[in-house]
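Before any comments, here is the structure.
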Amino acid sequence: MDAIGYAYLAAGLGAGLVTIGAGYGIGKITAAAAEATGRQPEAAGDIRTTALIMSALIEGVALFAAATCFLLQGK
């Protein structure tokens with residue numbers, strides 16, 4: 001396998017790992033938010049807002065990392 005083949009393989013693996021990591025992180029945030037809402041229902045609005053902001057930040061980092069993987073594939 002030549003260097004281009006390794007680049008394609010690395011890009012695919014990198015994008016897959018990014019997706020798995022982002023899914024795991026967002027799942028942990030959601031689980032913690034659900035538990036916190038169950039413990040303090042009066043703070044549900046603040047908890048939901050914080051969880052959405054954190055999920056958006058994780059999704060942004062994941063998108064940037066996946067785009068970087070695919071851009072490096074072409075070089």
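For segment 20-55, which positions are within 29 Å of Ala7 (Cα to Cα) and free of Cβ contacts under 8 Å to residues at least 40 places away in the same chain? Reasoning before the result, please.
As a first pass, look at segment 20-55 and keep what is within 29 Å of Ala7 (Cα to Cα): 20-26.
Answer for segment 20-55, where residues must be within 29 Å of Ala7 (Cα to Cα) and free of Cβ contacts under 8 Å to residues at least 40 places away in the same chain: Ile20, Gly23, Tyr24, Gly25, Ile26.
Taking the conditions exactly as written (surrounded by 12 or more Cβ atoms within 10 Å (Cβ to Cβ) and touching a Gly at 6+ places or on another chain (Cβ under 9 Å)), does Ile58 satisfy them or not?
yes
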Q. Counting just the residues of segment 1-49 that are of a type in the set (S, T, N, Q) and farther than 14 Å from Ala62 by Cβ, which one comes out surrounded by the most Cβ atoms within 10 Å (Cβ to Cβ)?
A. Thr37
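No value in this document is a laboratory result; all are computed from the given coordinates. Small disclaimer: the values here were computed from a predicted structure and weren't measured. Virtual Cβ from ideal backbone geometry, glycine too; neighbours counted across all protein chains shown.
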